[in-house]
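Asks: Please read through the structure below; I'll follow up with questions.
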């Protein structure tokens with residue numbers, strides 16, 4: 001299965017052909033049945049699929065279930081959205097002209113976003129007015145709609161006697177308003193000012209008065225936050241299970257494509273799938289089909305859970321999609337582009353929140369349980385070799401003993417080729433089963449261990465013919481029991497034991 005089994009089970013044999021036997025430890029590794037004068041034990045190893053996978057590559061993650069069943073996991077990049085775009089609606093500078101001593105500024109929703117209130121993160125308050133009275137005035141500007149710890153914002157300024165005298169602080173640093181809660185009541189912001197003549201104490205009006213907020217940002221917004229699309233990045237998941245595939249079928253039982261969403265936006269969000277395609281080893285593009293592609297509702301924190309994060313997990317499986325079909329068609333990658341739609345039902349009665357640290361993160365994963373069937377699945381690989389260090393060889397015989405706890409038959413052929421890829425000879429006369437499947441029950445679980453012994457002989461002429469080989473072309477075929485019609489399971493503790501010995505004849509002149 002995959003490149004894994006050819007490498008793990010036959011690498012020892014390939015190394016035997018590629019390097020001198022002096023490179024192998026021979027203590028306590030015996031194979032019976034050879035003349036001791038010529039018997040060279042080359043390799044004895046016991047391995048599990050888990051240990052092979054752990055050293056295979058960095059893109060395959062191994063999941064082991066409570067029952068020990070192995071699942072290969074391929075992850076896409078984490079993509080997401082932050083609250084930056086939403087906070088653009090309350091930023092920069094906002095001026096207001098006060099046309100009366102008690103003034104009501106209507107709040108107009110921007111892009112369908114209706115803010116009930118905002119907590120200001122930064123900002124400065126500035127005011128400017130003119131005085132036409134013949135005595136100086138004191139002006140107090142109050143914003144009942146902007147409070148801190150329940151106390152409305154208020155600022156007092158003076159202007160000299162007029163006519164036309166100017167007062168306020170429009171050219172200064174302004175008054176810090178960070179931490180204030182700016183509220184809209186019935187879509188209205190309330191502002192008023194009181195002007196008193198300082199000499200007579202008489203309350204009066206001003207010919208012109210205005211305020212401005214500068215460098216305004218918010219740390220919290222609450223209200224109806226619109227349904228503008230949250231566009232997420234497109235990504236591709238590489239699946240190297242079929243990296244060396246040439247032909248044959250593999251059927252996975254219960255494969256999944258899973259969607260994991262981490263969300264701290266306090267608003268309803270729903271999935272929107274633009275593309276979810278599987279690219280196969282034969283070049284086909286197969287589309288994921290499911291009624292849930294555009295209808296996955298993402299969990300979100302309530303107004304009482306500000307600062308919390310909610311997780312959503314959804315699996316496309318054989319019951320709700322065609323994932324089993326398209327992931328059993330030799331997939332090499334999954335191309336996906338999924339966005340998120342806030343407030344998908346446009347219910348303005350649902351009031352939500354977002355903070356300046358809110359985010360939504362999405363990750364897509366492919367899960368391939370090592371539970372399925374294979375029929376004539378063929379993989380290939382190429383290795384470098386160097387055999388010209390062996391001199392005066394009269395004959396060579398390899399002996400391979402395998403013990404298998406997995407219900408998988410493994411056939412192998414190796415071709416010797418020169419530096420120009422011209423094939424000089426093959427190791428075997430034809431593809432030969434070097435590892436027999438363990439018997440399995442109706443659940444796909446192995447019930448016993450299968451043993452197989454294989455002899456491979458080379459005479460002097462044949463060995464001399466491949467002495468110039470620089471490359472080894474491996475072709476390995478895999479089939480599950482009952483001619484590939486029965487699904488098997490592979491567990492973390494299922495073992496494969498391989499012993500390799502060589503009987504080497506030397507001609508002494």
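Just so you know, all these numbers are worked out from the coordinates, no wet-lab data involved. Predicted model, so just to flag it, every value in this text is computed and none were measured. Quick reminder, even Gly has a Cβ in these numbers, built from the backbone with ideal geometry, and neighbours come from all protein chains shown.
Asks: What's the long-distance tail for segment 228-366, i.e. % of Cα pairs beyond 22 Å?
Replies: Working: 4152 of 9591 pairs.
Distances greater than 22 Å cover 43 percent of the Cα pairs.
Asks: Taking just the alpha carbons, could you work out the radius of gyration and Dmax for segment 87-225, both in angstroms?
Replies: Computed over the Cα atoms of segment 87-225, radius of gyration and Dmax are 15.7, 50 Å.
Asks: Further, regarding this structure: If a paramagnetic tag sat 7 Å from the Cα of residue 428 along the Cα-Cβ line, which residues of segment 442-462 would have the backbone N under 19 Å from that point?
Replies: Zone members listed by number: 450-459.
Asks: Sorted by packing (mean other beta-carbon atoms within 10 Å per residue), highest first, where do 219-230, 343-354 land? Intermediate values should be presented prior to the final figure.
Replies: On the way: 219-230: 19.0, 343-354: 14.9.
Highest to lowest by the protection proxy: 219-230, 343-354.
Asks: Ok, one more. Among 452-458, 149-155, how do they line up from the highest to the lowest mean number of other beta-carbon atoms within 10 Å? Spell out each step's value before the answer.
Replies: On the way: 452-458: 14.6, 149-155: 12.1.
Listed from highest to lowest mean packing, they are 452-458, 149-155.
Asks: Quick one: which of 297-304, 115-122, 258-265 comes out on top by average Cβ neighbours within 10 Å, and what's the full order, highest first?
Replies: Numbers: 297-304: 15.2, 115-122: 18.9, 258-265: 21.0.
Result, highest mean Cβ count within 10 Å first: 258-265, 115-122, 297-304.
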